[in-house]
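Beneath this line is the structure, given in structure tokens, with notes to follow.
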Amino acid sequence: MTLYEILKNAHSGWRYIVIILLFVAVVTALKGWLGAKNYTEGNRKLNVFTLISAHIQLLFGIALYFLSPLTKGPMSEAMYRYWKVEHISMMVLAIILITVGNAQSKKIVDESGKHRAIGIYFGIALILIVAAIFMMANSDPSKTWFGMS
């Protein structure tokens, strides 16, 4: 097994951890915000684990970006353009939103405001990630909706 294959499998499997944690964090934050619930240590840990998992995924992705043959093709073809520009741009933006949302929640004193910050920033990041999955399925004929070959 080559380094590329190892990283590709790690990146492919780790995405489920990121998506599950992000979804749970968004749902928890929305319930906390709309239900005026306390912001607990468990909420903080969930948000930090989500942040860490997204950053680990980014590291896998950056390494893959330089090793993948999918980033070496012509920009005129949708599949290569997606992997070379669109995928990394959307994912980096999603991770920036997760990072900013977590940082904002730390600065806010009001518990409802903490939930609101996480719900909005993490929610937009989740929407971006789901949109990127749809774009991938449309751009790369070898991929299905959840990116499985």
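The values are calculated or read from the model by the stated rules, or taken from the named source; none is laboratory data. All values reported here derive from a predicted model rather than from experimental measurement. Cβ atoms come from the backbone with ideal geometry, glycine included; neighbour counts cover every protein chain shown.
Things worth noting here:
- Lys114 being touching a residue at least 40 places away in the same chain (Cβ under 8 Å) and more than 22 Å from Tyr65 (Cβ to Cβ): yes
- Restricting attention to the stretch 35-53 and to residues that are hydroxyl-bearing (Ser, Thr, Tyr) and under 17 Å from Gly123 (Cα atoms), the residue that is surrounded by the fewest Cβ atoms within 10 Å (Cβ to Cβ) turns out to be Ser53.
- Residue check, Val26 closer than 24 Å to Phe134 by Cβ, part of a helix (DSSP H, G or I), in contact (Cβ under 8 Å) with a residue 60 or more places away in the chain and of a type in the set (Val, Ile, Thr): yes
- The single condition among (1) at pLDDT 95 or above; (2) surrounded by fewer than 20 Cβ atoms within 10 Å (Cβ to Cβ); (3) in contact with a helix residue (DSSP H, G or I) (Cβ under 8 Å, 6 or more places away or on another chain); (4) not acidic (Asp, Glu) that Ala125 does not satisfy is (2).
- Meets criteria (among the basic types (Lys, Arg), closer than 24 Å to Pro141 by Cα and surrounded by 14 or more Cβ atoms within 10 Å (Cβ to Cβ)) for Lys84: yes
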